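First the structure, then my questions, so here it is.
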Amino acid sequence: MKWNIGDLSGTDAQVKTNIGKQLRTFVEQYLDKQRFALFQVWPYTVRAPQPSKSEFENDSNTYITITKALRQWAQSHDCQYTEVFRLQGANCGKTTLVKDIAVPDERTALRIAGRECASRYRITRRRLRCLREEFNASDEAVVKVIRKLDDATDLDFDLVRQAVHYFAEHDASGMSPRAVPIPGFSTKWLGGKSSERRKAICLLLGRDALDFKERPGEIRLRYLDPAHRGYPDLYVTEPWSNADCAGFDYAVIVENKDTYQEMPEIENGLCIFGNGRAANRIATLLPWIADIPHVVYWGDMDADGLEILSEVRESGIDCESLFMDVESCTRYERFGTAYTPKGERLKLRNPAEVPGLREDERALYESLCSGEGVNYLRIEQERIPIVDAVERLRAFGFPVAG
């Protein structure tokens, strides 16, 4: 808790308004901490701003005005306060300042808080009581579930509860998650293995997993070789050792679908759709990729894309990178973006271990994590003209048609 003293000056009315705003913020911050607590702590005490001796002597009127506003606020919100005596100059006697204000209980705090904070608090506490009463799960598990479902709608929260009862009474092991016959549920509701809904259900059941038969991971690829023009795309879900393209000389791994579809013909070449971190499956599903002499990986110029490049190399695929270095970032900076597809601002991050990156790639990765030396944190692959990619591939010795 830290007061913004700069806002506590001006007319009595201005000081009173700003005192109220800051105190409400302090109470809301405390409520947000308490909403997940199994055993709450009340009263909540706010220490009033205390001037040093010199500050008080130089500007006693401001602190007297602040104290007046603090008293009025405490009295109007049914809060107790304590006071402390301060000397006001050598011959001016004692002055009383408010030392701290105590918000006595939850009900008082909720009256002080804004509507949004109070609603968020009530929803969390109601859910916490509901799960503790309804399921024989540990308090620790219940709190974890409440946190995981913090952004869930009331409908989703109720569906999680229904799902827990269903799996407690029915054995769904070996089934596809979309085939589980929970009445009234969408087939996609359970999501993938890492979905917060599944994790919440497992925590309340005391299980590690729901033992579904998961949909196998897949890799999509297509022939670039002119002799195979017209062949359909291939979808590989199990290790494919006897592929007729295992003897090809060139492979381009790309992150995004538009680039995958636009890649031109390359003699004895193929294009693999990495689709983000699904690229980590390539070495397992296409074991012969390690024997192709010329492999290029091309992903987004962002921290995620460079981490994927590192992981692809760590999986055993020796590849060059395309447009994933400092020079390329500078060249195509005009195509950069500061936002995610959902309109949220891209965030800085701490660099991860990326042993698969080479020197220039690592330099770009660290800049994109820290924001230093770059104006944008992402340049998406599709923004780079395919003709530029053709030029770069030819420089790598790829026999690109046209």
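The values are calculated or read from the model by the stated rules, or taken from the named source; none is laboratory data. Small disclaimer: the values here were computed from a predicted structure and weren't measured. Methodologically, a virtual Cβ is constructed for each residue, glycine included, from the backbone with ideal geometry; neighbour enumeration extends over all protein chains shown. Just so you know, the surface numbers come from the protein's heavy atoms only, side chains and all, with ligands and any DNA or RNA stripped out. Shrake-Rupley method; radii C 1.70, N 1.55, O 1.52, S 1.80 Å.
Please identify the DSSP H helices in the chain that span no less than 27 Å along the helix axis (Cα) and have a mean Kyte-Doolittle hydropathy of 0.5 or more.
Working: long enough: 12-34 (33 Å, -0.97); 115-134 (28 Å, -1.52).
Long hydrophobic helices here: none detected.
Rounded to the nearest 10 Å², what accessible area does TYR81 show when all protein chains are kept and the probe is 1.4 Å?
Accessible area, nearest 10 Å²: 70 Å².
What is the sum of charges, Lys and Arg at +1 and Asp and Glu at -1, for the other residues whose Cβ falls under 15 Å from the Cβ of GLY217?
+2
What's the longest piece of the chain with no exposed trypsin sites (Lys or Arg not before Pro), counting a site as exposed if DSSP puts it in a loop and it has at most 10 other beta carbons within 10 Å?
Details: sites that count: LYS2, LYS188, ARG229, LYS342, LYS347.
Answer from the scan: 3-187.
Something else now. Counting only C-alpha contacts under 8 Å and six or more residues apart, can you give the relative contact order of the chain as a whole percent?
Worked out over the chain, it gives 10 percent.
Next question. Using amide H atoms built in the peptide plane, which far-off residues or other-chain residues are under 5 Å from GLN80 H to H?
Residues meeting the amide H criterion: ALA102.
On to the next question. Provide the percentage of antiparallel DSSP beta bridges, counting only those with both residues in the chain; round to the nearest 5. Could the numbers behind the result be given before it?
Numbers: 23 of 35 bridges.
That works out to approximately 65 percent antiparallel.
Provide the per-residue ³J(HN,Hα) series for the range 345-356, in order, calculated from phi with Karplus coefficients 6.51, -1.76, 1.60 and θ = phi - 60°, each as a whole number of Hz, with x at glycine and proline positions.
5, 4, 9, 6, 8, 7, x, 8, 6, 10, x, x
Here's a follow-up. Expressed as a rounded percentage, what relative contact order does the range 1-155 have, with Cα pairs under 8 Å and six or more residues apart? Mind dumping the intermediate values first?
Working: 158 pairs, mean separation 40.4, N = 155.
Result for the range 1-155 is 26 percent.
In what sequence, largest accessible area first, do VAL143, VAL295 appear using a 1.4 Å probe?
I get VAL143, VAL295, largest accessible area first.
I would also like to ask the following. Could you check what % of the DSSP bridge pairs in the range 217-318 are antiparallel, to the nearest 5?
Values: 7 of 17 bridges.
In the range 217-318, DSSP labels about 40 percent of beta bridges as antiparallel.
If you stretched the chain out fully between LEU155 and ARG115, how much longer would it get, using 0.36 nm times the residue separation minus the C-alpha to C-alpha distance?
The LEU155-ARG115 span can extend by a further 12.3 nm.
Next question, about the same structure. On a straight-distance basis, which lysines could pair with LYS53 in a cross-link, Cα separation under 27 angstrom, same-chain partners fewer than 8 positions away excluded?
LYS2, LYS16, LYS21, LYS68, LYS94, LYS99
Which one, TRP288, VAL84, ALA200, is farthest towards the positive end of the dipole of the chain when Lys and Arg carry +1 and Asp and Glu -1 on their Cβ?
After comparing all options, I get VAL84.
Can you pull out the GluC sites (Glu not before Pro) in the range 259-309 that DSSP calls coil and that have at most 15 other Cβ atoms within 10 Å?
Loop-located and lightly packed - GLU267.
Skipping prolines and chain starts, which residues have an amide H placed within reach, meaning under 5 Å, of the one on LEU377, given they are 5 or more residues away or on another chain?
Under 5 Å from the amide H of LEU377: THR337.
If you don't mind, there's one more thing I want to ask. I need the shape label for the range 56-173. Rule: rounded when a/c is under 1.5, else prolate if a/b > b/c, else oblate, with a, b, c from the alpha carbon gyration tensor.
It is prolate, given that a/c is not under 1.5 and a/b is the larger ratio.
Something else now. Could you tell me the relative contact order of the range 264-334? Use alpha-carbon pairs under 8 Å, at least six residues apart, and round to a whole percent.
Over the range 264-334, the number comes to 31 percent.
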